Amino acid sequence: MISINNVTKRYDDKLAVDQLQLEIPRGEVFAFLGPNGAGKTTTIKMMVGLLIPDEGCIEIDGNNVVTDPRSAAARIGYIPDQPHLYDKLTGREFLEFMAGMYGASDAEAAPEIDRQIEVFDLTAFVDRLSETYSHGMKQRLVLAAAMVHQPQVLILDEPMVGLDPQSMRLVKDLLKERSAAGLTVFMSTHTLPLAEEIADRIGVIRRGELQFVGTVEELKRAQNRHEASLEGLFLDLTNEDASAV
Amino acid sequence: MATNSITAGISQAKEASLFRTLRHRLIRSMLRDFLQQSRLRVVLLLGLTALFWLAMFILFYEAFALLVTAIGHAPTLARTVHAVYNVFFLSLLFMVGVSSGILFYGAVYKSEDVRLLLTTPARTSTIAIFKYQEAMLLACWGFILLGSPLLIAYGIVNAAPWHYYLLLLPFLLSFSSIAAGLGVTGCLLLMYFAPRRRLQGITILGIVGVGIACYFAWGVFKSDQNEMLSIFWLQQTLDRFQLAEQRMLPSWWLSTGLLESAHSQTAIPYESLGLLCVLISNGLAASLLIGYLGSRLLRRSYGNLVAGPGIPIRFQTAWLDRAIQRLLRPLPQVVRLILLKDLRLFRRDPLQWTQFLLFFGLLCLYFFYVRRFNYANSLMGWMTAIGFMNLGVVGLILSTFTTRFVFPMISIEGYRFWILGTLPIHRTTILWSKFFFATLVSCLPCCLLILLSDLALQLWVRTPIVVILHQILCICMGFALAGLSVGMGAYLPNLKESSPARVAAGFGGTLTLVISAILIVAIILPPAVASYFWVISEYTSRSALLAVFITITTSILISIISTIIPMRLGFRAFRTMELR
C-alpha cells in the first residue's frame, strides 16, 4: 500500500533522509520511531506531498506522490503534529469543506460527517467556531476530518500529543479497528508504549538512516534482549555512543 | 462514501465552488464577530475612511478645477490630465503589484492553511488562484480608496456622462487584477527560482521601483530652476512623461479608457468599452497564468521554503547584534536582553518592515527632490511651513509604524508569555524594555529623516534654530508615540491573536492610531504656526519668539503627559494581567 523506494532528502549539506526503503502492506499499523531530528517528519511530509524527495520515489497504492499528487492525496488521511484549523469556521463547516475536497457531494458527506461526529464525540462543540477549541478538541476534529473520506492510508504525526486519556483510548481503538478493516496506518511517535501496543511493525530511524524494520519481537531477538522493553531497546538502538562503537 | 469516486477527482468547477464557500463562510463569521465585538472600531474605521475619502475628493476637485482655470488651451489641458492619469496609475500599478506580491507571499508561504490544502487532492492551480484573489482584494482596496476620489472629482469637474461613473468600478477592478497578477507572478517565480534570495529579490525590486521613480522625478526637476513651474517647463515635463504613455501599459488602457468615456460624444463609449475589454481579458489571462504557474511551481516552492527546516540565519548578521549590544550597554542586563530579542525578531521578519521601508524610501526620495526647488530668501516662511509639513508627514508615518508594530508587542507576547512570565523579573521591566525599544526605533529614523529634509530645504544654513526645533519635536513625537503605543498595548491587549496585523487592526490599535494622529497635530501645529510668524517677521517679533518658546514648552509637556498616562495605565493593567 505504501512504497518508499530509496528516498533521499537533503537540506543544503544536511542529509535528512538517506536512501530510505520501506514497504508497508495494506491493513498494517506501522510505527515510525526515532529521536528528534532523525528524519521522521521529513519522511511524512514527503509522503503527503509537502516536500519533494531529491532521489527515489514514494507511492501510495501505486500512485506516485510527486507525479500524481492528487490521486495519492485522495487515498491519504493526514494528521499533522500541529493541527491547523480555520479559526472562523465551525467544526462542522470544516468537515464539510474537507469532505467536499475529497469529492463527496453534500448528500454523501452529511451522513458520513454525522458518523464521524459521533465516533469522535464532537457533538458538544462541533457547531462552535474552532478558535474556541482546546488542543485536544482540535486534534479530535482533525482526526475526524482525516477519516471523513474513508482513506486507505492514515498518516499520523505524533497523534497522541495533547489528548486526554479517554481520547487516547478512542484513537487506539479506532486505529486497531480500522486497520483490521484494511486501513494502512503510518504513524510517527515518541510514545513508545503506544507503538508497542498497537503497531504490527516498527521502523527506527536515526540521522536519516533506517536502523531497524520489523516487529518488536524481532528487535528483541536482534538485540538479544528478550526481556527488555521497547523503550530500552530503542534507547540502545539510537544511542549515539553505542552506535558509534 | 466510496473512495473510488474520490480517486476520479472532483471537477475544477466543483473545487472552485468549494473554495468560494470556504471564503464566504470565513468572511461571514469574521464580519459577525467584527460587528458583535468591535462596533466602535467599525464606526471609527468607516468614519475615518469616509473622512479620508472626502479630503482626497476635495483636494482632487480643487486641483482639477484649478487646472481647468489655469490651462485655458483645451488640447494642453487634455494632454496634461492624460499625463497625470498615466503617471498616477503607473505608480499604482507598481504599488498594487508589490503589495499583492507581499500579501501573496504571506498568504501562501507564511500561512498554515496552504499546508493543509496541499495535503488534500485540491489542485495547486486552484490554491494559487484562490490566494491570488485574496491578495488582489486586500491590495486593491487602498487603490480604490485613492483612485475613486480622483476619478469622481474629474468626472464632476468635466460634467462627464453617466456611463463614466458606471464604468469606474469595472475599470478599477480589472486593472487591479492585472497589477496583482504581475505581483503574484513575480512572487511565485522568485520563491521557485530563488527562495533563499527572496530578500535580495525584494531589495532589487525596491531599487528598480525607486530607479523608475528617480527617472521620472529627474525628468521633472532637471530643467533650469528658474523655469520651474513655467508653461515651457510644463510642456517639457509632459514630454518627459512619455514613458508612462506607452500603449502597452495597463495604466494607459485604464486612463485612456476612462478619459474617453468622460469625454464621449456618443451615447455608447465604444472606444472606452474596447479598452475595458482589453483590461478584462488581460486580467483573466493573468489569472490563467497564475493557475498554470501554481500547478507547476507552488508545491515545490512551498516544500523548499516552508516545509523544510528553514533557512539558517547567516552568522554574518551577528555583527549587527554585537553593535546593538554595545549601544545598549548602559541599560540593565535584563532590559538589554529583551531589547535585543525584540530587535532580532523585528529584523528577521521581512513582512514586518518591508512596507515601512518602502514608505520611508519614498519619503527620502521626496526630500531629495525638494532641494531641487530654488528658494529665495523671501520664501523663508514658505520653506519653514514645508519643513513643518514634512515633520507632520514623518509623524503620521511614525504613528502607523508604532500602531502596527509596537502596539501589538504585548499582545503577541501573550502566546509566548511562559518564556518571560516565568523568569525572575518584574513585569514592569518587560514594559520598560518595550518602551525603550519603541523610543529607539522611533526617534532615530525620524530625527535622521527630518535632518535630511531640513538639509534639502537649506534650513540649516538659513535658519538653524528651526532645525533644532524640528529635532526637539521629533524626540517629543518619538517618546509620546512610543509611550502611547506601549502603554495602550498593555492596557488593551488582544491575547487571542498571534498575528500583529490583526492585533493592530483591533479596537485598541484603532484607538491608538486615532489618539496618535491627534497627538501629532497637538505637538506640531502650535510650534509650526508660531515659528512661521517668527520667521516671516525676520526674527524681529518678540511676541512671536515668546509664542515659539511657549508652544515648544507645551509640546514637550504634552509629550511627557502622553508618555506617562498610557504607561501608567499599561503598568497597572500589565501587573495584574492573567495570561492563560
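Descriptive notes on the structure:
- Residues of region B:58-83 with amide N under 19 Å of the 7 Å Cα→Cβ point at residue B:159: B:61-62, B:64-75, B:77-78
- Region A:83-105 residues near the modelled residue B:17 label - backbone nitrogen below 13 Å, point 7 Å along Cα→Cβ: A:100-101, A:103-105
- For region B:257-263, 3J(HN,Hα) computed residue by residue from phi via the Karplus equation (6.51, -1.76, 1.60; θ = phi - 60°) reads x, 6, 5, 4, 5, 5, 10 Hz, glycine and proline entered as x.
- Equivalent ellipsoid semi-axes, the protein assembly as shown, via Cα gyration tensor eigenvalues times 5, rooted, Å: 56, 34, 24
- Angle in degrees between helix A:165-180 and the longest Cα principal axis of chain A, rounded to the nearest 10: 80
- Total formal charge among the other residues, if their Cβ is under 11 angstrom from that of residue B:491, Lys/Arg +1 and Asp/Glu -1: +2
- Amide N of region B:521-545 lying under 13 Å from the label point, which is placed 7 angstrom from the Cα of residue B:458 along Cα→Cβ: none
- Local net charge near residue B:123, Cβ-Cβ under 9 Å (Lys/Arg +1, Asp/Glu -1): 0
- Local electrostatic count at residue A:213 - Lys and Arg +1, Asp and Glu -1, tallied over other residues with Cβ under 15 Å: -2
- Put a plus charge on the Cβ of each Lys and Arg, a minus charge on the Cβ of each Asp and Glu, and nothing anywhere else: the dipole of the protein assembly as shown about its Cα centre is then about 2000 debye.
- Loop chymotrypsin sites (Phe, Trp or Tyr not before Pro), region B:505-558 (other Cβ atoms within 10 Å of the site Cβ: 15 or fewer; DSSP): B:539
- For residue B:160, nonlocal amide neighbours, meaning residues 5 or more places apart or on other chains whose placed amide H falls under 5 Å from its own, do not occur.
- Pair residue B:65, residue A:5: separation of 7 Å Cα→Cβ label points (nm): 7.8
- Helix A:135-147 and the longest principal axis of the Cα set of chain A meet at an angle near 90°.
- Stretchable slack from residue B:271 to residue B:400, in nm (0.36 nm times residue separation minus alpha-carbon distance): 42.2 nm
- 14 Å Cα-Cα reach of residue B:341 towards aspartates and glutamates, excluding residues that sit fewer than 8 places from it in its own chain: B:321, B:349, B:413
- The share of alpha-carbon pairs in region A:76-137 lying farther apart than 15 Å comes to 52%.
Values quoted throughout were computed directly from the atomic coordinates according to the rules given, and no laboratory measurement underlies them. The structure presented is a predicted model; accordingly, all values stated were derived computationally and were not measured. Here Cβ is always computed from backbone atoms with ideal geometry, including for glycine, and neighbour counts include all displayed protein chains.
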